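Below is one structure, written out as structure tokens; comments come after it.
A short reminder: the numbers here are calculations on the coordinates, not readings from a lab. What you see is a predicted model; the values in this text were computed from it and never measured. When we count neighbours, we look across all protein chains shown, and the Cβ atoms used for this are built from the backbone with ideal geometry, even at glycine.
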Amino acid sequence: MGIKKYIPIILVLFLAVALGAIVYGNPPALEVFTPELLAEFNGVDGVPAYIAVAGKVYDVTDKPAFKDGVHQGNRAGQDLTEQGEQAPHGLGVIDGLEPIGIYLDLLLTEKELAAFDGRSGQPGYIAVNGLVYDVSNSARWRNGSHNGFRAGQDFTEAIKEISPHGVRVLERLPLVAVLVKE
């Protein structure tokens, strides 16, 4: 059940995002990391050391503070937001680093996504190319509805074939999860 189950999905997502960037003329997007994928980058035995902080992933391989993938007892390959906020130096360990990825610790199936339809106080989420976006605060998605479409669904085909704005509008929406097969 571990990470190996999700590697093909994550690779397809990364390729889809990269291909979308090429087709639509946008710069390549940051890679999306789930907890399972991030765990593989623990800094042990020559493997790069990556950490997640506040939803972004950073490569700390060359940071002396993360020698052998460990800093003050905190192992690379995981979300260290809370530990960083509580540390005497704060989040200074990532000063000067550019994020290399986005960290999403929520994985949703299509069935689970359907619950986020923007009605009855639920947030409104939509999926496109395997990534889940929060449309709750978008004025165009009042009560989870937009131009006859209802949140809680995968809109990959609709946004490419029907939408006048295409995928470019997604850049303004928060990423919240990865859509996975059931």
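If you plug the beta carbon distance of residue 47 and residue 171 into 1/(1 + (r/R0)^6) with R0 = 35 Å, you get a FRET efficiency near 0.65. Shown in residue order for region 43-60 are the 3J(HN,Hα) couplings computed by the Karplus curve 6.51 cos²θ - 1.76 cosθ + 1.60 at θ = phi - 60°: x, 9, 6, x, 6, x, 9, 10, 9, 9, 9, 6, x, 10, 10, 10, 8, 10 Hz (x for Gly and Pro).
Taking Lys and Arg as +1 and Asp and Glu as -1, the other residues whose beta-carbon sits under 12 Å from that of residue 111 total -3. A cut-off of 5 Å between modelled amide H atoms, ignoring neighbours fewer than 5 places along the same chain, links residue 154 with 127. Among 81-90, 165-174, sorting by the average number of other beta carbon atoms lying within 10 angstrom of each residue, highest first, gives 165-174, 81-90.
On full extension, the segment bounded by residue 54 and residue 68 gains 2.8 nm, given 0.36 nm per residue less the C-alpha separation. Pairs exceeding a 30 Å alpha-carbon distance, out of 56/111; 63/111; 63/181; 67/181: 63/111; 63/181; 67/181. Dipole magnitude for region 88-182: about 420 debye, using +1 per Lys or Arg Cβ and -1 per Asp or Glu Cβ, origin at the Cα centre.
Taking other residues whose beta carbon is less than 15 angstrom from the beta carbon of residue 159, and scoring Lys, Arg as +1 and Asp, Glu as -1, yields +1.
Inter-label distance, residue 100 to residue 40: 1.3 nm, where each label sits 7 Å from its Cα along the C-beta direction. Maximal additional length on extending the residue 142-residue 89 stretch stands at 14.9 nm, based on 0.36 nm per residue less the C-alpha distance.
Local charge sum around residue 176 (other residues, Cβ-Cβ under 13 Å, Lys/Arg +1, Asp/Glu -1)? Charge balance near residue 176 sits at -3.
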